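No value in this document is a laboratory result; all are computed from the given coordinates. Computed from a predicted model, the values in this text were never measured in an experiment. Here Cβ is always computed from backbone atoms with ideal geometry, including for glycine, and neighbour counts include all displayed protein chains.
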Amino acid sequence: MTVDQILVPADALVGLRMASKGALLEELARRAAGALGLSAGAIYPALVRRETLGSTGIGDGIALPHARLDAITRPYGILARLREPIDFEAVDDRPVDLVFLLLLPTAAEGEPLNALACVARRLRDPEAAAAMRAARDAAALYEAAMPR
């Protein structure tokens, strides 16, 4: 699996302004719900439940909030670069400015872990992360996220 199988250009967001982790998760759930034809009420609680297990802030200013949903059949993502970094209770205690929301189908066996690993590898690549942070617009952010 590759990032381009999870993320479409319309789901790359630049300059998102959020005051908190909770507000960010709510906004991402709302946007995902609109794109997937679901209720944000079906997505947001799943994200919060996952966060109670431990922060999905993976370090270096990056967060990978994710959840499994019965209502979807393939992985779906939203990539956001925040205008200002926010506290995400990340493993390294650094604020987060790059966020990749990943929603995964509950029914799939190995695909969810493959999708999660694929996205994490791309975001943790120092060159890719630097290009995402330097992107001037959503199209450039999307391109920076694509595998080379």
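So the values come out like this:
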{"item": "Filtered residue count, the range 64-93, keeping only those that are among the small types (Gly, Ala, Ser) and closer than 22 Å to Ala139 by Cβ", "result": "2"}
{"item": "First in the range 12-36 and touching a residue at least 60 places away in the same chain (Cβ under 8 Å) and surrounded by 22 or more Cβ atoms within 10 Å (Cβ to Cβ), second anywhere and of a type in the set (Ser, Thr, Tyr) and not in a helix (DSSP H, G or I), Cβ under 7 Å, 6 or more apart", "result": "Ala32/Tyr76"}
{"item": "Enumeration of residues in the range 17-43 that are closer than 19 Å to Ala90 by Cα and in contact with an Asp or Glu (Cβ under 8 Å, 6 or more places away or on another chain)", "result": "Arg17, Met18, Ser20, Lys21, Leu25"}
{"item": "Exclusive hit being among the hydrophobic types (A, V, I, L, M, F, W, C), over 23 Å from Glu26 (Cβ atoms), surrounded by 13 or more Cβ atoms within 10 Å (Cβ to Cβ) and in contact (Cβ under 8 Å) with a residue 12 or more places away in the chain, set Ala71, Ala135, Ala80", "result": "Ala135"}
{"item": "Selection from the range 120-148 of residues that are among the acidic types (Asp, Glu) and within 18 Å of Gly15 (Cβ to Cβ)", "result": "Asp137, Glu143"}
{"item": "Test for Tyr142: is it over 12 Å from the mean Cα position of the chain (by Cα), surrounded by 13 or more Cβ atoms within 10 Å (Cβ to Cβ), assigned to a helix (DSSP H, G or I) and touching a residue at least 60 places away in the same chain (Cβ under 8 Å)", "result": "yes"}
